[in-house]
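The values are calculated or read from the model by the stated rules, or taken from the named source; none is laboratory data. Just so it is clear, the model here is predicted, and its values are computed rather than measured. Every residue, glycine as well, gets a Cβ built from its backbone with ideal geometry; the counts of neighbours run over all protein chains shown.
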Amino acid sequence: MLRHLTGCAARQAAIDKAETSKRKTQPLYHVVVRDAIDGRYWLHLELSASATLQDLDAYLRAIWVDCCGHMSHFVFGSTRYQELIDGFFAIGDQKSLSTRIADVFRPGLKGKYEYDFGSPTELNIEVVAERMGKPLSTKPVTLLARNLLPAFTCAECTEQATHICLQCYYERGEPACYLCAAHAKTHGCTLYGGPRLRYNSPRTGRCRYNGPARPPY
């Protein structure tokens, strides 16, 4: 996908259009975000230098992970970036999510993001490129591309799987945990609340996550 986006005619047309706008020319960072398990879920994003890690946190929460407003943090090198709560001292090398992207990102930088420290969803983050130009939109984060929902067949028939059973996932693994809508209704497992809808998100099945796994803007 990185190679495709580098030479994508549609992206270049969007860049050319943005250059005619009154937006400020600044460094723009191409960032790839993947789930830390096997990378089947991924996002290609472009962030403005003027954006903050809080902007990226809000975007990841909206498109992928937020269920109950759990805490989250980024880790780049030895520094952890998270919301600093009044009355609590920072532990070790810790900084605020209000840190500007330009003060952290550079091509080749790798780090991680973690949401919910009790039932965590972990993401790997890599800055793959930087360019000078005008942002593609007035928003701090632009979605360039994302994966399609991974396709699985129902474990009980040949229909497309729309649900996941966490009990089967932990006891039997994939693909035995996937069910179509009809078999999800008659499935006998009751732990973890029974079968749940699948979403195009690595948070699927965790805590009370119920999508919708759509971009916030």
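Picking from residues in the range 18-53 that are farther than 11 Å from residue 141 by Cα and among the polar types (S, T, N, Q), the one that is surrounded by the most Cβ atoms within 10 Å (Cβ to Cβ) is 26. Based on this model, can you work out whether residue 118 counts as modelled with pLDDT under 95, part of a loop (DSSP other than H, G, I, E, B) and on the phi > 0 side of the Ramachandran plot? No, not satisfied. Restricting attention to the range 1-17, the residues that are surrounded by 11 or more Cβ atoms within 10 Å (Cβ to Cβ) and outside any helix (DSSP H, G or I) total 2. Looking at this structure, is residue 20 farther than 28 Å from residue 97 by Cα and either under 11 Å from the mean Cα position of the chain (by Cα) or modelled with pLDDT of 95 or more (or both)? Taking the combined requirement at face value, the residue satisfies it.
Go through the range 183-217 and give me each residue that's part of a loop (DSSP other than H, G, I, E, B), surrounded by fewer than 17 Cβ atoms within 10 Å (Cβ to Cβ) and β-branched (Val, Ile, Thr). Within the range 183-217, just 190 meets the criteria.
Considering only residues in the range 91-103 that are crowded, with 17+ Cβ neighbours inside 10 Å and in contact with a Leu (Cβ under 7 Å, 6 or more places away or on another chain), the one that is farthest from residue 140 (Cα to Cα) turns out to be 97.
Checking each residue in the range 116-125 for being surrounded by fewer than 16 Cβ atoms within 10 Å (Cβ to Cβ) and either within 11 Å of residue 45 (Cβ to Cβ) or among the aromatic types (Phe, Trp, Tyr) (or both) picks out only 117.
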